[in-house]
Every structure is written in C-alpha cells, then in structure tokens.
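The values are calculated or read from the model by the stated rules, or taken from the named source; none is laboratory data. Everything numeric in this text was worked out from a predicted model, so none of it was measured. Positions of Cβ are backbone-derived with ideal geometry, glycine not excepted, and every protein chain shown enters the neighbour counts. Accessible surface is based on the protein model in full, side chains and every heavy atom, while ligands, DNA and RNA are left aside. Shrake-Rupley method; radii C 1.70, N 1.55, O 1.52, S 1.80 Å.
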Amino acid sequence: MPDRKYPGRRPDSRGPQYRSSNAPAPYARTENRDDIEYLIEGRNALAEAVRSGRSIEKLFIADGLEKGSLTPVVARCREGGAVVVKCDRRKLDSLSPTGAHQGVIAYVSPCEYISVGELADAALASGTAPLIVVCDHIEDPGNLGAIIRSAEVSGAHGVIIPRRRGASVTGTVVKASAGAALHLPIARCSNVNSAIRELKERGIWVWGAEGGESRLLYDADLTLPTALVLGSEGEGLSRLTAESCDGLVSIPMAGKINSLNVSAAAAVLLFEAVRQRISSKV
C-alpha cells in the first residue's frame, strides 16, 4: 500500500472548540421532547439563529408568514435541511412555553455541526493519526448515539453524518451516546461520497465495513490516517459509497447469525484501530 502523506501536527491539540454557547434568546429547553431538545421562539430569534449558523432541525411557521420578510430566513432553513411545517396559530400556541412565538417556532439540534473540512483539518493537526467515523445513512437514533459513544471513548477525532436520509443529533442521540455527542466534533455533509473524496484529498485512508469481504479488518493498516465508513441498518453500504472507499473490510463471523448490529460493528472496528496503534508504539 503506498503511503499517503499528511501534514505535521501540533502536539496535544484536537483543534478549535466548535460549539458556541451564544444561543439566541428567547431560548427554551423542552423537557417533554426527547427527540429534539431545544426551542427558539420569535421572528428575530429565528433570524439571529440562522445568521449565527445554528442548525435548525424543524421549523413551525404560521400560515401566511412564509412570504414577506421571513422568506429569506425560511429559505436558508430549508437549504440547511430543516423540515418546514406550515400550521395555524393554535398549533403554535400548544408548542410555545411563553406564548410569545410571533408565529414562528423552531427546534434546533443540541449540538453544533461543523464541516467535513474543519473536522479533517483539526484531526490532521491533532498530533495523532486521524481516526474518523463516517455514517452512511444510519437511521436509528439509538445506533447513532452508540456509534458516537464508541468513537469518543476510543479517541476518534469525530463523526460525519449526512444531512438527509439519516438520524441527526437529537436529544435521543445525546442520551444514547451517554453525553458523548456533546463532546465529540460532529460534521454534517450534503453527500457521503463527496465527504469521502474530501477526506481522501487530505491524505486520509477510507475503509468501508462490509460483511463477506475477503479482506479482514485485521489486515488493514489502521495506524495510518483512517476513516471508517458504516452502512445503514437495512442496506449496508450503498454501491456508490462502497466504490468510493479505498477498500472494504469485514469482521470475521463464527456463529449462525452472519452480521452484527451496526453500532457493535463500529466498536469492533474502532478498537481494532486502537489495538493496532498501541501495538505499533511498543
């Protein structure tokens, strides 16, 4: 395998802090919603959240308000992947903890996403060979949370998830990750294959996990800058994603069931990378 060069690192650095505590007001935490935890009310608050780059997950807007001064704000929410729901004011009244929603309520992710480039650059500057997990449309929030938890405790530099057709980081995911989702950088991409190309351009080797492959994960050199790609629960890796990887690896199976839950597979792959990296230092 030819060496893929990657830049020098700054020791003891995991890159900049990506999450901002400057949440726009009014800003409420809704304890009775486990799927999405944070709520923004009011037109100015929504506009400020969008302007600051806050990730809007779902936007409820009163009928007739989408046109006018809110048009560019709503458009940016849609471009960012938000679900936009038009509804009457009674619906908004039932959602609002303050009653001062001005016809606009938005739910935002409890984590601040970064770009694939930011995640890769921070990993390359960390002082250790990058280790990144790419989720190819993981749909179950519990699985995504468990993957993030394994990534964090194994020392991975971050996780990449798609903007659409997959779970986002919600309260359920934070809970399933035992809080790891609030500590580990999470990048969100518009296209998984584009994200893989971006990682490869930065000198990171990309391995896809696929059952039945002849190459076992133990035969892949995971001491190099590495990204591990995990497929969806039902379909595994998509064809295009598999073709985008540098190679495919499998976990050996000895039982009558020929597959692992995707979050269990992620833990096996990540800690094989940890094992190899520790062994290479002995």
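Of the numbered conditions (1) within 19 Å of residue 153 (Cα to Cα); (2) more than 19 Å from the chain's Cα centre (by Cα); (3) crowded, with 19+ Cβ neighbours inside 10 Å; (4) of a type outside the set (A, V, I, L, M, F, W, C), residue 277 fails exactly one; give the number of that condition.
Every listed condition holds for residue 277 apart from (3).
For the subset of region 257-274 comprising residues that are of a type in the set (A, V, I, L, M) and part of a loop (DSSP other than H, G, I, E, B), which member is most open to solvent (accessible area, probe 1.4 Å)? Quick ask: steps written out before the conclusion?
Quick first cut of region 257-274, residues of a type in the set (A, V, I, L, M) only: 257, 260, 262, 264-270, 273-274.
With the extra rule that they be part of a loop (DSSP other than H, G, I, E, B), the set shrinks to 257, 260.
Working: 257: 130, 260: 80 Å².
Applying the filter and picking the extreme gives 257.
Sort through 235, 201, 213 and tell me the only one that's farther than 19 Å from residue 156 by Cβ and modelled with pLDDT of 95 or more.
Numbers: 235 fails: modelled with pLDDT of 95 or more; 213 fails: modelled with pLDDT of 95 or more.
That would be 201, the only listed residue that is farther than 19 Å from residue 156 by Cβ and modelled with pLDDT of 95 or more.
Checking residue 142 against (1) at pLDDT 90 or above; (2) closer than 22 Å to residue 249 by Cβ; (3) small (Gly, Ala, Ser); (4) surrounded by fewer than 20 Cβ atoms within 10 Å (Cβ to Cβ), which test does it fail?
Condition (2) is where residue 142 drops out.
From the list 159, 173, pick out the single residue that is outside any loop (DSSP other than H, G, I, E, B), crowded, with 24+ Cβ neighbours inside 10 Å and at pLDDT 95 or above.
Details: 173 fails: at pLDDT 95 or above.
159 is the lone residue from the list that is outside any loop (DSSP other than H, G, I, E, B), crowded, with 24+ Cβ neighbours inside 10 Å and at pLDDT 95 or above.
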